[in-house]
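Below: one structure, written as structure tokens.
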Amino acid sequence: MAGVAMVALPAAAMPQIGLPSLPTPRGGIDGLARPLLDTLDLDRLSPDAVARQLRSARLDRLAGFVRTHRDRVEFDAVRAPALRGVLLATGVAGADRARAIAAGYRIIDEEVIAELDLTFVRFALPEGLPLGKAQRQLAALMPAAEIAADNLYFPSGGLPPAASLGALAAAQTGGPGGARIGLIDSGVGPLPGLSTRVVQKGFATGAPRAGDHGTAVAALALGAAGSGSALYAADVYGTDATGGTASAIARALGWLSGQQAAVINISLVGPDNALVHAAIARAQAKGALIVAAVGNDGPAAPPAFPAAQFGVLAVTGVDPSGRVLPEAGRGKHVAFAAPGRSLAPAAGGGKSVTVRGTSFAAPLVAGRLAQLYPAPAPGRIETAVRGLIGQARDLGRKGRDPVYGHGLVCGDCGR
């Protein structure tokens with residue numbers, strides 16, 4: 001696990017925020033971060049065609065990723081990519097542990113996330129046993145425990161978490177501001193034009209390391225929050241092509257909880273994982289509000305997590321006319337909408353890039369929520385969320401609906 005880096009950024013009025021256009025490395029997480037937006041004009045296709053194309057693209061991307069990294073990755077019991085040969089278990093009793101060992105499972109390590117009062121055991125599988133079969137077998141051997149693969153989570157936007165921005169800006173001192181915003185993503189690079197402090201910690205090989213996706217998400221969140229905010233960025237990717245694991249996200253949630261992050265943005269998507277589920281629930285119990293992107297796999301895709309987890313504020317994206325992005329996920333869990341297309345502000349070196357996807361809508365909601373909820377306080381959560389609902393402009397069907405949630409927040413942000 002890498003250390004902590006602090007970045008103090010220059011002061012300025014609230015700017016338009018963006019990211020330089022950088023070369024995209026091929027393969028790994030970077031390839032999966034890009035939806036079909038580069039090859040299809042989704043806005044011109046029929047809804048049925050969008051659903052078919054995105055479903056096919058999702059399955060192809062996941063299969064291609066597993067093939068490319070088959071030495072380290074395999075499908076789990078629900079056909080979601082996960083680290084090969086590893087299972088995670090919470091709530092492990094002594095007798096269950098003994099049964100698992102007798103059946104050929106080996107304990108790799110046991111980790112305590114002290115800030116969340118959460119312990120998990122990492123098991124190595126018996127030689128040659130497929131991950132999906134092992135999940136079912138270990139669950140039978142350990143009925144009191146929660147068993148999960150170490151699933152991989154992928155960015156929910158059109159920019160990859162590429163480590164192409166290089167080293168982080170030089171660390172500087174300075175006290176944190178008002179609202180404390182947490183981010184689980186790639187590392188964050190310099191953000192010209194914003195006045196805040198960014199504290200970073202790595203939870204993957206080579207982390208923290210600046211990445212396109214995390215930098216864009218951080219800039220949008222801080223721009224929406226306004227001056228005086230502090231950002232705590234947990235890099236779960238670093239330089240690892242198989243980063244973004246469930247265990248890294250759980251550790252990141254623990255660190256952010258310890259840093260008293262009030263609002264935590266997760267613009268990543270994956271399956272419903274027992275360890276991530278438990279970590280989010282415990283962070284929520286300590287007062288954190290979790291904001292997550294609904295994903296870009298289309299309206300017919302199954303709900304993406306963590307956005308679909310109970311209590312998480314799931315965010316969809318809309319175009320400049322207030323229409324939902326055709327690639328955005330749908331469902332009863334959708335809480336809010338925010339701009340997710342044509343976010344094209346200035347970037348370093350005079351360059352600019354247009355970003356698109358629910359990845360970039362979620363931090364706008366997180367930033368506005370941080371204005372109402374600057375510090376963890378479970379007793380103030382309902383008031384803060386109701387305040388955000390009061391700011392939302394109703395879209396679609398009257399009242400909350402599965403496309404736009406409560407409506408559009410931060411409609412003039414990010415441009």
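Placing dummy labels 7 Å off each Cα toward the beta-carbon, the span from ALA95 to LEU45 is 5.3 nm. Take each peptide in 260-267, 104-111, 273-280, count the other Cβ atoms within 10 Å of every residue, and average; sorted highest first, the result is 260-267, 273-280, 104-111. Calculated accessible area for the stretch 287-415 comes out at 38 Å² per residue, all protein chains present (probe 1.4 Å; ligands, DNA, RNA ignored). Using R0 = 35 Å, the C-beta based FRET efficiency linking ILE107 and GLN260 works out to 0.60. Scalar couplings 3J(HN,Hα) for the stretch 104-119, obtained by applying the Karplus form with A = 6.51, B = -1.76, C = 1.60 to θ = phi - 60°, are x, 7, 10, 7, 7, 6, 10, 10, 10, 9, 4, 4, 10, 6, 10, 10 Hz; x denotes Gly and Pro. Restricting the calculation to Cα atoms, the stretch 178-218 shows an Rg/Rh of 0.95 when the hydrodynamic-style radius is the Kirkwood one. Of the two radii for the stretch 171-281, the radius of gyration is 0.95 times the Kirkwood radius, both from the alpha carbons; that is the Rg over Rh value. Computed from the alpha carbon atoms alone, the convex hull of the stretch 238-336 holds 117 Å³ per residue.
Annotation: the stretch 256-415 has a Kirkwood hydrodynamic radius of 15.6 angstrom, from the mean reciprocal C-alpha pair distance. Distance between the modelled labels on SER321 and GLU127, one decimal in nanometres: 6.2 nm (7 Å Cα→Cβ projection).
A 1.4 Å probe, protein heavy atoms only, puts the accessible area of ASP96 near 10 Å². If you wrap the stretch 206-248 in the convex hull of its Cα atoms and look at it from every side, the mean projected area works out to 3.4 nm². For the stretch 349-407, the equivalent ellipsoid derived from the alpha-carbon gyration tensor has semi-axes of 25, 19, 8 Å in decreasing order.
The values are calculated or read from the model by the stated rules, or taken from the named source; none is laboratory data. Remember, predicted model here, so these are calculated numbers, not experimental data. So basically every Cβ, Gly included, is an ideal-geometry build from the backbone, and we count neighbours across all protein chains shown. Calculation scope for accessible area: heavy atoms of the full protein, side chains included, ligands and nucleic acids excluded. Shrake-Rupley method; radii C 1.70, N 1.55, O 1.52, S 1.80 Å.
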